[in-house]
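**Q** Please see the structure below; I have some questions.
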Amino acid sequence: MKQLAALQQGRRSNSFRGSSVLDSSSDGSVKSPATIFWLVLHGVCCLISLVLGFRFSRLVFFLLFTNSATTRNSIYSATSLFHDPGADVAVKAEMTSFSGGEDQLNRTSVSSSRVVVGRHGILIRPWPHANASEVMQAHKIMEIVQREQRLQYGVKSPRTVIAVTPTYVRTFQTLHLTGVMHSLMNVPYNVVWIVVEAGGTTNETASL
């Protein structure tokens, strides 16, 4: 019995010593600067992940649970903010002054669709089906106005414009020269176009 009591007392003293050693080592590890640095870094990473996770969850919730009614209301409110009521009335008055045939075409056209990209929807309107005669009349009016502006504000005695285009054989040669030709056709004066081609004249240049 005496030996058992001595063994139990020895075990208790050893356990007390081990716990005191662990406590002292844990206190020393907590107080070390490396441990404090890693704790601070862990806290910063936790905060960053919390913020990013909150924003991502909001985005997922918005994409999953938004309906077309909210986008429609936002579109209508945005148009009411950025449009003048007087201008809308004027546009409506001009639209009602069109002929009945055009109104019938507009009524039979396909209804507008909506495409939701991001937070706001995009309204796709149908083709207006403009009258060809009115379009040609508008072009004639613009041509008359531009002619009068040239007579009043243009050069009185214009000189001939000489355009020199150096080029060489390459891919899409005809397309490139056609674009240059169309640009020179918009010049309201006499134009002399000289194409200098390296390596001799090709069929693509001669066809123009």
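**Q** Would you point out the residue of the range 126-147, among those that are of a type outside the set (A, V, I, L, M, F, W, C) and in a loop (DSSP other than H, G, I, E, B), that is farthest from the chain's Cα centre (by Cα)?
**A** Top of the filtered list is Asn131.
**Q** Within the range 41-70, which residues are β-branched (Val, Ile, Thr) and modelled with pLDDT of 80 or more?
**A** Scanning the range 41-70 gives Val44, Ile48, Val51.
**Q** For the range 158-166, does any single residue satisfy the condition of being at positive phi, assigned by TED's automatic domain parsing to the domain that holds Val196 and loosely packed, with under 12 Cβ neighbours inside 10 Å?
**A** Checked the range 158-166: no residue is at positive phi, assigned by TED's automatic domain parsing to the domain that holds Val196 and loosely packed, with under 12 Cβ neighbours inside 10 Å.
**Q** Could you list all residues from the range 150-170 that are assigned to a loop (DSSP other than H, G, I, E, B) and either touching a Lys or Arg at 6+ places or on another chain (Cβ under 7 Å) or within 16 Å of Leu208 (Cα to Cα) (or both)?
**A** Of everything in the range 150-170, those that are assigned to a loop (DSSP other than H, G, I, E, B) and either touching a Lys or Arg at 6+ places or on another chain (Cβ under 7 Å) or within 16 Å of Leu208 (Cα to Cα) (or both) turn out to be Tyr168, Val169, Arg170.
The values are calculated or read from the model by the stated rules, or taken from the named source; none is laboratory data. Since this is a predicted model, take the numbers as computed values, not measurements. Using ideal geometry, Cβ is built from the backbone for each residue, glycine included, and neighbour counts are taken over all protein chains shown.
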